[in-house]
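Read through the structure below, which is laid out as structure tokens, and then see the notes.
The values are calculated or read from the model by the stated rules, or taken from the named source; none is laboratory data. Since we're looking at a predicted model, the values are computed, not measured. In this analysis, Cβ positions are derived from the backbone assuming ideal geometry, glycine residues included, and neighbour counts consider all displayed protein chains. Remember, those area values only see protein heavy atoms, side chains included, never the ligands or the DNA or RNA. Shrake-Rupley method; radii C 1.70, N 1.55, O 1.52, S 1.80 Å.
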Amino acid sequence: MLSDEQEKILSYNGEVVIFQLSKAKCAAEKTRGLHVNRMAYDSGTKLFVQKSSGLFSMHGGSLNIEIVCCSCTADFRTGINLPCILMREKKNNSVFKYFLLLLHSSNKFEQCLNFKLDYELKNDIRLLNGPTVLWRHAKKLVYISTKTCTVLSASVPFSSIEWADEIENEGIVVLGTRTACLPQEKDGQTLSKSDGAIWGSEFVVYAIENQKILTGTCFLPHAYSSVISCVHVRRTAISRSQFRTSAAAITHKKQLIWFQDGLPKDICQLPYEEPCSIQVATTSRNGMLYVVSFASGNVCAVQKDSFQVASRWQEVKSVLVDDFIGTGTEQILLLFKDESNTDSLSTFIITDFGEVSYASNINCTEDFPPTKELQENGFLTIQALEARLQAGCSSVRELQQHLRLKEKVLFESCCALIDLVQEREHILPTAEEEGLVSLWDDEEDFLYPLDKKMTLTSEVPEHLIEKLWQRVVDDSLVIGVKITESPNLSLHDVSLSLVMDHDFTSVSPVIECQSKIVKLNKTFSAMSISSCQMEPQPKRIKLDFHSKNDLKKEYLGRPSKIPSDGAKTFVAVTRLSPLLAFRDICCMILLHAKMRKYQNGNLPESKKLTLLCGKISLCLEDISSGKYSVNLLRNNSRTGTMEDIFAILAVSLKFSFQIVSSDCTLTPVNMWLLSQMECMPIKECPENMFCHKLGSLHGTVFNWNLKTPFEGTLTLFCRNQTVLFQCLHSLIGVLPPTCKVKPLRLESKDILTDQFARALEKEMVTLRSSFSSAVSEVENNLTLSCEAGKEMSRVTVSSLSDKKEAVRQFREKLQNEQKQRALDMTRTVSGALYRQITSKIAEAQLCSDMIAWRLNVS
């Protein structure tokens, strides 16, 4: 920089922007130039190179034009951050003219604001979003923005401005100090008399746009108001109508203090006198640095984690924080004073105290920093890095220990599961082997009894498992278990588990799968896949609670409804591709259920059951040869085993639609299935039709249930929703325009259970309200009759004078009361009330009965 130039430097989007104002050489020269140079760091040459430049000419100006300050602010018109610079021109008669310039990406300047003052701006000048110029004059907060274009002053006095920025939902907020106010009646946030006398000042937080005072203690305690010289608020948030803040402040006593929600958390002693500004740099590895500048030209960096001085430098001209090398994190740029070189960026250091460290024209023996300072910086840096390394190693050790513990628990659980399947006793490791210490007194030979409801496989009938099979459909492996129930045995809450019979230490042997149930009766060849709901059987059989035999007979009559030749097939579906990674695999199939036996005329009791159904093997050669493929999908045959049909339905999505026609029959649906969809009935269950049409529709199963000639239900089992939309598009094309197609909701057990609970609750409320109304009517009638009798008796007794006559009257009264009580015990309600009660109760019971039946058949 030349001696006749004024210079200001700032960082913007990783670039260094240098403003240079050339001074006029004589009074006759009427043109002043404001030059701007954008400098970017070149990683190849390790130097800053000029990227672009611009010029702003000021014609007819005086010699007293100078740069006040510069910063990056957001333009309210676009919301884009732009460099801006505040200029000052001194007029005659002590009048100062100020104008604010915005620098656009094309290096063109725009004058967005100008104003005149009768005094010079000296104290606490800030450039904020808007742009807004804010300063302090005569203990008043004064500001002007591009929105108002008028100089305004706040009603709150300010002795100093420590921080100003924008906060969400509050706008521009100013944090400063003022003379302590004595407490008033309606001001609960002011200081007490003792605090004001001791401190003499307090913090004040003022929102400019809302023109209101916020709570200053959420940022900093009032006790620090007289010693704070600079504040940087890093984070502000509002939680439960209170500010949550994190701030760092510099005191006159060479201290850097970190405050969390207005409370001091940590402190660091600074190495130099007169700290004047603070910046925050977010460096690599999620590190944070506080960069403190001093009036003497010294700079130091304090790490946020350890809150210790990491490094310090002397004779620094300017310090900037930005991403100068394009790594995605910020670095610190230190520009040193060099009187022998006019280039401002000739001597610099770029560092983040991690992976980034660049220096230019720094000679450790002649230039700055000197050897002693360099050694001290290295020592402080090593200390800070060692602290970070120790904290990182400690976290890694904790994570490794946690992972080892999780792997050990999973391994022991899998071993216990395998031993349970193979009916072997599993011995848990002792506390000494695990390196654990018991918190209770150890007792020898103390064993907890087994769960009485847990059933061993030896109690299960031998012929319960009828068949075990497997099929491969697309990318799914389907495992099926066919069981046969007897009249005295039933299973509930059945699910299947697949456990790999291999010693894989790196993966869990338990395979994730989805269990489904398919009921099949030989008397009814087709499966119960129709979504149509039949009316439930009449229930609400009155139970005689005085006779336990009747109750037992009712329970014993339930399993007789299961046909002796009936069977159930349970299937489990899992992804095939993860299993093929092991090439050859063998899996054990476990059946989990609740078993209920009916014998000796006793009420059934559910017992948990875990049963080994058998083993299956799987290899890539068998899959390639089509050994487990579905016959219907492979050769377009009409015939196939029931296992093939179960496998197709297990991996398909089920959708049901009600089709209603008002003026014509639904004969076109059958024609559509046979001709356009090329469907053929499956031999084993003719009511289900298999689509043999080539393309994505191949393999879709249809079930057409015609209730009446004008109403029917179509159920589809398809691979995905795309196939469903294709089928519906084709169907709508053949149906008459007056037909209505309505999707039927397939209710799950969870939804039906919630509905059943709400229906029972409604039924109980109905019963309670009905009985309450009946009882209240009876009590009202009884009260009226009793009061009438008492009044009559009182009058009669008061008129008698003879004792014998009085005794006779009391005897008659007692007899009348006894008769009245007998009548009240058999008192009835009115016929209208009885009809209303029975109607409400019947309606509520009918609703709960329907949901209970749907839950039973689902």
(request) From largest accessible area down, sort MET680, MET588; use a 1.4 Å probe on the protein chains. (result) MET680, MET588
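Note the full-extension length gain between ALA359 and VAL227 as 0.36 nm times their separation in residues minus their Cα-Cα distance, in nm to one decimal. Please list the in-between numbers first.
Values: separation 132, 0.36 × 132 = 47.52 nm, distance 3.63 nm.
Between ALA359 and VAL227, full extension yields 43.9 nm more.
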(request) Please work out how much accessible surface LYS740 shows to a 1.4 Å probe, ignoring ligands, DNA and RNA, in Å² rounded to 10. (result) 150
(request) With 19 Å as the limit, write out which pairs from LYS467/LYS683; LYS139/LYS317; LYS90/LYS116; LYS615/LYS683; LYS482/LYS594; LYS627/LYS693 have Cα-Cα distances beyond it, or answer none. (result) LYS467/LYS683; LYS139/LYS317; LYS615/LYS683; LYS627/LYS693
(request) Could I have the simple spin-label model distance between SER772 and LYS683, label points 7 Å from Cα toward Cβ, reported in nm to one decimal? (result) 6.7
(message) Heavy atoms of the protein only, probe of 1.4 Å, neighbouring chains included. What is the accessible area of PHE56 in Å², nearest 10?
(response) 40
(message) Once you place label points 7 Å from the Cα toward the Cβ at ILE623 and ALA416, how far apart are they in nm?
(response) 3.3
(request) Take the alpha carbon atoms of region 331-356, find their center, do the same for region 261-310, and report the distance between the two centers in whole angstrom. (result) 19
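Among LEU380, LEU21, what's the order by accessible area (1.4 angstrom probe), most exposed first? Intermediate values should be presented prior to the final figure.
On the way: LEU380 30, LEU21 0 Å².
So the residues, ranked largest to smallest area, are LEU380, LEU21.
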(message) At 0.36 nm per residue, and after removing the present C-alpha to C-alpha distance, how many nm does the segment from THR146 to GLN111 gain when stretched out fully?
(response) 11.5 nm
(request) Compute the relative contact order of region 647-753 as a whole-number percentage, counting only Cα pairs closer than 8 Å that sit 6 or more residues apart in sequence. (result) 38
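Taking R0 as 45 Å, what FRET efficiency do you get between ASN210 and GLN836 from their Cβ-Cβ distance, rounded to the nearest 0.05?
Details: r = 61 Å, r/R0 = 1.35.
It comes out at approximately 0.15.
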(request) Arrange the residues TYR272, TYR290 by how much accessible surface each exposes, largest first, with a 1.4 angstrom probe. (result) TYR272, TYR290
(message) Placing unit charges on C-beta atoms (Lys and Arg positive, Asp and Glu negative, everything else neutral), compute the dipole magnitude of region 680-741 about its Cα centre in debye, rounded to 20.
(response) 120
(message) Run the simple label-point estimate for ASP663 and LEU263 please: 7 Å along Cα→C-beta, distance reported in nm.
(response) 7.9
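Classify region 269-334 as rounded, prolate or oblate, taking a ≥ b ≥ c as the square roots of the eigenvalues of its Cα gyration tensor: rounded when a/c is under 1.5, otherwise prolate if a/b is larger than b/c and oblate if not.
Oblate.
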(message) At 1.4 Å probe size, what's the solvent-accessible area of LEU618? Round to the nearest 10 Å².
(response) 10
